[in-house]
Amino acid sequence: MALVISAGISVQFGAALAVMIMPRAGAAGVVTLRLAAAALVLLLLCRPKVRGYSRSDWGTVLAFGVAMAGMNGLFYQSIDRIPLGPAVTLEVLGPLALSVIVSRRLVNVLWAGLALGGVVLLSGHGGGGLGFGSLDPLGAAFALGAGAMWAAYIVFSARTGRRFPQADGLALAMAVAAVISLPLGIAEAGSALLVPSTLALGVGVAVLSSVLPYTLELLALRRMPAPTFAILMSLEPAIAAAAGFLVLNQAMSALDALAIALVIAASMGAVRSQIRKKAA
């Protein structure tokens, strides 16, 4: 449990650090730095083989890389516009929707309704007339898009894991994601990506948001059942809200906290009902 929670803290505080360097390199620039640095580290550590795989195998790892690039790119565009806690709360709806679709159980429709209630609370206060209250509508849309890509990431991550040994598929997919993000990062940040201090901070984001959490999660999954791991991952919105408050001074209202709590409860409930279905 400590490993999973530590991984979540690393990811969300890495995201908070990314917000701090966005004025230097922009959202796309930070994504490029993160994915490129993470890909370099993983390729050096894993040294994946590139021969002996079928066209279908490469199609799977390519789709995994596209999902990874989309998930990161959309999420960083989101946190450039809205606070970290609400962004992760909206993003986690993607995996929640995937869980509801896969399980096909009525009780999970109820959990989805609870999550929707949380989103209504999150979006309904503060006026603004655009349906997302005090939240920037485009930022909220980016967060929802990141959630859809997160769901795709989960699907293709599992498929890649079955086709490639150890973390080879992850390293190759990370390289694909880095290549996809590179033109966008260069277009937005240009030479700012080569400033030593920005490069160093980008490496810090990569370590906190990719290398360290992936390692911690791998160690955790060797010690606990996957369903328990999934339930603990549902705490991400709360950790994100804490990181936003502590690092970025992003305060939350009571309604914000209640909305995030409802989405966390819905995620945990959906995962637990799926566990019961498999056990039966």
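A short reminder: the numbers here are calculations on the coordinates, not readings from a lab. Computed from a predicted model, the values in this text were never measured in an experiment. With ideal geometry, Cβ positions are generated from the backbone for all residues, glycine too; neighbour counts draw on all protein chains shown.
The ranking of Y53, Y76 by Cβ neighbour count inside 10 Å, starting from the fewest, reads Y53, Y76. Working from label points 7 Å from Cα in the Cα-to-Cβ sense, the M224 to Q166 distance is 2.6 nm. Once the convex hull of all Cα atoms in the chain is built, its volume per residue stands at 131 Å³. For the range 2-279, the relative contact order is 41 percent, taking Cα pairs closer than 8 Å that sit 6 or more residues apart in sequence and dividing their mean separation by the residue count. What's the center-to-center distance, using Cα atoms, between the range 46-75 and the range 137-175 in Å? Comparing the Cα centres of the range 46-75 and the range 137-175, I get a distance of 9 Å. The simple spin-label model puts a point 7 Å past each Cα toward its Cβ; for L138 and V179 those points are separated by 3.0 nm. With the cut-off at under 15 Å, measuring from each backbone N in the range 50-83 to a point 7 Å along the Cα-to-Cβ line of A187 picks out 70, 73-74, 77.
Along the axis of the charge dipole computed for the chain (Cβ charges of +1 for Lys and Arg, -1 for Asp and Glu, origin at the Cα centre), the listed residues I79, A67, V19 are led at the positive end by A67. Relative to the compact-globule estimate of 2.2 N^0.38 Å, the Cα radius of gyration of the range 151-267 comes out at 1.31.
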